[in-house]
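Here, each number is a calculation from the coordinates, and none is a lab measurement. Predicted model, so just to flag it, every value in this text is computed and none were measured. Virtual Cβ from ideal backbone geometry, glycine too; neighbours counted across all protein chains shown.
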Amino acid sequence: YNGIGIDCGKSGLVVVDLDGAEAVAWWDKVESAHGLPSTWRARTRRGDGRHAFYRANSAKPVKNSTSKLHDGVDTRGAGGFVIAPPSANQGGSWSWMEGEPDWPNLPVAPDLVHERLNQVKGRPPEKPYSLHLYEEAQIREFVQDVPALAMRLMRAFWPGPLTIVMPSKGQGTV
C-alpha cells in the first residue's frame with residue numbers, strides 16, 4: 001500500500017470532501033445552481049465519494065468542518081489533511097477523475113463555502129478575520145504600507161509568535 005497526504009492549509013488548498021452518492025449529488029446541484037467553477041476531483045477509496053480541490057482564498061479562510069454544509073459534506077482547509085491519488089489501502093484506492101490537476105490554475109474556493117460555514121457558525125459577515133502570516137511576501141499581499149518598526153519586529157521574532165495589527169489594502173485591518 002502507498003499513500004499521499006496533503007496538508008491543505010500549508011498547501012494553500014480547500015477541499016470539499018463528499019462522503020457518498022447523496023453528498024456528491026447535492027454538491028453537483030449546488031455547483032449547477034450557483035455557477036461554481038469546475039475543478040479537479042478525486043474519487044475516494046469508497047468509490048462513491050469525491051474530493052473537490054480548490055485554491056484557498058487567504059482573505060476568506062476555510063477551516064475544517066464535518067457535515068456543516070450538508071450531510072456528508074466536509075471541508076478541509078487550514079489544519080486539515082486529505083489523502084490524494086494514487087494512494088491505496090486495504091479499503092480501496094484514490095484516483096483522479098479528470099487527470100492530474102493543474103495545481104497553479106485550480107479555481108479559488110467558492111465564496112458560497114465560506115459564507116455557508118459562517119452562517120452555520122453564526123459568525124457575523126462584518127467580523128474581521130485574523131490572518132496568520134509568517135513571511136514578508138504574505139504581509140505585502142495584504143498590507144498597503146508596512147511600518148519600519150513592524151518589519152524590524154518581524155525580522156527579529158519570526159519564526160515565532162508575534163501579533164501586529166496593521167491597516168489592510170482593502171477594508172479593515174490585518
- Task: Evaluate the relative contact order of the chain (contact order divided by residue number), counting alpha-carbon pairs under 8 angstrom at least 6 apart; express in whole percent.
- Result: 23 percent
- Item | Ellipticity estimate at 222 nm from DSSP helix runs (n ≥ 4, -39,500 (n - 2.57)) divided over the chain, nearest 500 | -7500 deg cm²/dmol
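Assigning unit charges at the beta carbon (Lys, Arg +1; Asp, Glu -1) and nothing else, what dipole magnitude in debye, to the nearest 20, does the stretch 69-123 show about its Cα centre? Please report the intermediate quantities before stating the final value.
Numbers: 4 positive and 7 negative charges, 64 e Å.
That gives the stretch 69-123 a dipole magnitude of about 300 debye.
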- Item | Longest exposed-site-free window of the chain, the sites being GluC sites (Glu not before Pro) in a DSSP loop that have at most 14 other C-beta atoms within 10 Å | 1-97
- Task: Check each of the chymotrypsin sites (Phe, Trp or Tyr not before Pro) in the stretch 1-36 and keep only those in coil by DSSP with at most 13 other C-beta atoms within 10 angstrom; list them in order.
- Result: TYR1
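Out of all DSSP beta bridges in the chain, what portion is antiparallel? Express it as a percent rounded to 5.
On the way: 26 of 28 bridges.
Once the DSSP bridges in the chain are tallied, antiparallel ones form about 95 percent.
Which FRET efficiency, nearest 0.05, do GLU22 and ALA137 yield, Cβ-Cβ r, R0 30 Å?
Numbers: r = 42 Å, r/R0 = 1.40.
Once rounded, the FRET efficiency stands at 0.10.
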- Task: Taking amide H positions as placed in the peptide plane 1.01 Å from N, state which residues far from SER87 in sequence (5 or more) or on other chains have amide H under 5 Å from it.
- Result: ILE4, TRP94
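Quote the FRET efficiency, to the nearest 0.05, computed for GLU126 versus THR163 with a Förster distance R0 of 22 Å and r equal to the Cβ-Cβ distance. Don't jump to the answer; show the numbers that get you there.
Working: r = 21 Å, r/R0 = 0.97.
The value I calculate is 0.55.
So if R0 is 30 Å, what FRET efficiency would ASP145 and LYS68 give, r being the distance between their Cβ atoms, rounded to the nearest 0.05?
On the way: r = 37 Å, r/R0 = 1.24.
Using R0 = 30 Å, I get an efficiency of 0.20.
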- Item | Gained length - GLU100 relative to SER38, 0.36 nm times residue gap less alpha-carbon distance | 20.9 nm
- Item | the stretch 16-90 - Rg (one decimal) and Dmax (whole number), Cα, Å | 12.4, 39
- Within the chain, what is the number of lysine pairs with alpha carbons under 24 Å apart, leaving out pairs fewer than eight places apart on the same chain? 19
- Item | Radius of gyration and Dmax over the Cα atoms of the stretch 1-128, both given in Å | 14.1, 47
- Task: List, in order, the whole-Hz ³J(HN,Hα) value for each residue of the stretch 73-79 obtained from phi through the Karplus relation with A = 6.51, B = -1.76, C = 1.60 and θ = phi - 60°; use x for Gly and Pro.
- Result: 10, 10, 10, 10, x, 4, x
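So, with +1 on the Cβ of K and R and -1 on the Cβ of D and E, and no other charges, what is the size of the charge dipole of the stretch 19-174 about its Cα centre, to the nearest 20 debye? The partial results should precede the final answer.
On the way: 19 positive and 17 negative charges, 85 e Å.
Using Cβ point charges on Lys, Arg, Asp and Glu, the stretch 19-174 gives about 400 debye.
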- Message: I want to check the label-to-label distance for VAL108 and ARG152. Put each point 7 Å from Cα in the C-beta direction and report it in nm to one decimal.
- Response: 3.5 nm
